[in-house]
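Okay, so here's the structure we're looking at.
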Amino acid sequence: MERWLGKLGRTAYKLRKWIVAVWLIVLLGLSVFAVQLPGVLKGNGFTMNGTFKDVNQLLKDRFKIYDTTILLLFEQSPGGDNNKFETQIRHTMDKLLELPLEGLASVASPFEGKGIVSSDKMIKGKIAYSTLSFSLESKYMNTNLERIQDTVNGLKKEGVSVTLTGTPIIENDLNTASQEDLTRAEMIGLPVALIVLLLAFGGLVAAGLPLIVGLISVVSTMGVLYFFGLQMELSVFLLNVVVMLGLALGIDFALLFVNRFRQELAQHDAETATRISVQTAGESIIFSGLCVFIGLAAMLFIRVDIFKVIALGGMTVVLFSILSALTLLPALLSLLGHRVNRLMILQRRARSYETSPDGIWLRFSRGVMKRPVLMALSALLLLLAAMIPIRNMDLRVPDTTSLPEHYESRVAYSLYEDTFLASQNATVVLLAQAPEAYNQPDAIQRLYQLQQKLKQDSYVVDQIESVFSLAGGVNAQQWQSMLQNPAAAPQIGPIKAAMLSGDLALLRVQLKGDNFAKATKAWVKSWEREDNGLQIKVGGYAKFNQEIFDEISSRAVYSLLLIFGATYLILLFAFRSVLIPLKAILMNALSLCATFGLLVWIFQDGLLGMEPSSIALFIPIFIFSIVFGLSTDYEVFLISRIQEIYRRTQDNDQATLEGLALTSKIITSAAAIMIVITGAFAFTGVMPIKQLGVGIALAILIDATIVRMVLVPSMMKLLGKWNWWAPRFIRGREASNNRQRD
């Protein structure tokens, strides 16, 4: 690899103007599409192929029950008149029905009207709601949403107290809030990152380059992802994750590269400095980027759309970050040459990085290595203490509470839930498919027996909605008689249309637990079966939760095996050591588990003034996949320098001391930038993004302090020469060189 990277460095210098020109053309072309990416983002991404999806499709095709529903919530003004309230609701529905709404399938309201299904259950006291259901998917609802929103805004000016909510509205608001969050995070993170870079380099030119490269990587990725968005559904969370990861990783890589270039430029000409920088820093960037890439690729094992989408976006931004760091950055530095040290704001005394490392880092490293057992045990105890809350972690699929508290759609949905969905019990849908149509006695008898069996189930509340209950609690024989009686047609016709469709019957069952209870998940899974000749499929939010949780829990182990296995092999190849990769994996895992414990304290328990909330289901997987690779980034950079010194001196303690002293400053700067960029999302409003940003920042902080500054030197001291042991077939040529030295 060293020879290949050397050629790449020479090529980057010779073709520096062409490389910059090509990148400029690519950037201009992709930026046109990058700005359009938010327009193709839809949904939270928690969709997958399974029974829940199949049941929803059958409900749509066979029973005309649609999941794309807009809900209008009405509130009667204090001291208002009931007649006036009714008039306002009727007026609102008349106005909406005048609109050219594509795919409008059904309308429901508390009061009758042309084309409106009415129900007195849709009004309670001074609160009422109406629904507009569409046959379209949410991603095709933009035009409808604009028309409905404009009409509702006009009605509000007339004094009608009406608020929009429901899945399409909430998804649209999540997209809007995500874009607002991104702008807010950039306004906080980028200026602070520039300050950190100035402290690291002292000059505006050197400090500005990592920011430029990071932004170019992000914009290029967004442009490419726009085309993916035309072919597949991209989660609204993708934008924030790509920008967060792209800026952090792009700046991180560029920081390491610019630092090495300036070191080499002090001793060589620009061409030699470029070549050596690509050979040395470039190798670290490739290994580090590969670890991050594999961590993200591991999420592809989980067959839930959000994991596939984030993996795709993350892998793309990693590739652009590596490519820009190995081509664009060397070309820019080649053009600048010694001008990279222009516009110095913080003047520094020149020093040799090899012979005069920073005294503070050297003294700290010596202090740690003098008491390796005490320091290692202290660090481990801190990490173990932080892990304690993990056992109480409550993972949930993001819902309306993901939105900032001031959003109308969140406030309205909370009021709707409190008023009309007072029971916390889960309601599930059962579709029972019979061998014949439900106008046959045998099929009706089987359906009635199923209902009776459900009533006897100890986990079922005695409120089963079926053709029998809606017809007044009749049995199978009575229902059959009603079917044969023409006089009963007006009564049972609507019931039959709503609950039966050929060989399919619909039942709604209320359970004693909520949608997230373990017993509920077990129940919906156990009823996915054949019973007395009926093929039963279960739907509803509880089924959705069960399938998502089962998929993640069953597939996460494959993701972890890939991350651990690939990371071990990469580090084994990089360092020719058996123990160093194993030690790195264990320390990364410990620091990440400590991070998850802190997240529970901060978000679930409401520490630091945070709104108490469950942890978004994807957060642990995302943080583990992303941060494991980023932590390996610092491990590669640190151990590479220690190994370089050890090969020269064959003194493990000296190599550890010098390596830590030489790299601590730049690793601290890189970690600080990573913390600033990701931690800036703590000031955003969308809860899962806030949790992700805080989680990554915490993980990097723990890794850069407790792990890199305490555990690494302690373990290096305790293991001594065993750090560098490996079988001869792994060490290869290095083994024979060591024998000659001995």
Problem set entry | Pairs beyond 32 Å (Cα-Cα), from 518/690; 124/156; 60/84; 121/453; 53/518 | 60/84
Problem set entry | Residue-wise HN-Hα coupling along the range 675-684, computed from phi with Karplus coefficients 6.51, -1.76, 1.60 (Hz; x: Gly, Pro) | 5, 5, 5, 7, x, 4, 6, 5, 9, 9
Seminar exercise, completed: From fewest to most C-beta neighbours within 10 Å, the residues 716, 393, 93 line up as 393, 93, 716
Exercise. Each residue of the range 698-705 in turn: what ³J(HN,Hα) in whole Hz from Karplus with 6.51, -1.76, 1.60 and θ = phi - 60°, glycine and Pro shown as x?
Worked result: 4, 4, 5, 4, 4, 5, 7, 10
Problem set entry | Local net charge near residue 312, Cβ-Cβ under 14 Å (Lys/Arg +1, Asp/Glu -1) | 0
For this session: Could you check the simple spin-label distance between residue 232 and residue 212, using points 7 Å along Cα→Cβ, in nm with one decimal?
Result: 3.4 nm
Exercise. Nearest 0.05, what FRET efficiency do residue 557 and residue 508 give at R0 = 45 Å with Cβ-Cβ as r?
Worked result: 0.80
For this session: Within 10 Å, count the other beta carbons around each residue, average over each peptide in 575-582, 474-481, and list them highest first.
Result: 575-582, 474-481
Exercise. Taking θ as phi - 60°, what are the ³J(HN,Hα) couplings along the range 539-548 by the Karplus curve (6.51, -1.76, 1.60), each to the nearest whole Hz, with x for Gly and Pro?
Worked result: x, x, 4, 5, 5, 4, 4, 4, 5, 5
Exercise. Going highest first, how would you order 690-701, 439-450 by mean Cβ packing within 10 Å?
Worked result: 690-701, 439-450
Problem set entry | Spatial separation of Cα centroids for the range 11-76 and the range 412-442, in angstrom | 31 Å
Problem set entry | Per-pair calculated FRET efficiency, R0 = 41 Å: residue 86 and residue 61 via Cβ, rounded to 0.05 | 0.70
For this session: Counting residues in the chain as N, plug N into 2.2 N^0.38 Å and put the Cα Rg over that result.
Result: 1.14
Problem set entry | Straight-distance crosslink candidates among aspartates and glutamates, where the alpha carbon sits under 14 Å from residue 126 and sequence neighbours closer than 8 are dropped | 75, 81, 86, 418
Seminar exercise, completed: Protection proxy (average C-beta count within 10 Å per residue), highest first, orders 658-667, 517-526 as 658-667, 517-526
Exercise. With a 10 Å Cβ neighbour count serving as the proxy for reagent exposure, in which order, fewest first, do 253, 729, 516 appear?
Worked result: 729, 516, 253
For this session: Let me have the relative contact order for the chain, percent, based on Cα pairs under 8 Å that are six or more residues apart.
Result: 19 percent
Exercise. When the label point is put 7 Å from the Cα of residue 483 along its Cα-to-beta-carbon vector, which residues of the range 440-456 have a backbone N closer than 19 Å?
Worked result: 440-453
For this session: For each of 724, 4, 601, 23, count neighbouring Cβ atoms within 10 Å of the residue's Cβ, then give the residues from fewest to most.
Result: 4, 601, 23, 724
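None of the figures in this text is laboratory data; all of them are computed from the coordinates on show. Remember, predicted model here, so these are calculated numbers, not experimental data. Cβ: placed from backbone, ideal geometry, glycine included. Neighbour counts: every protein chain shown.
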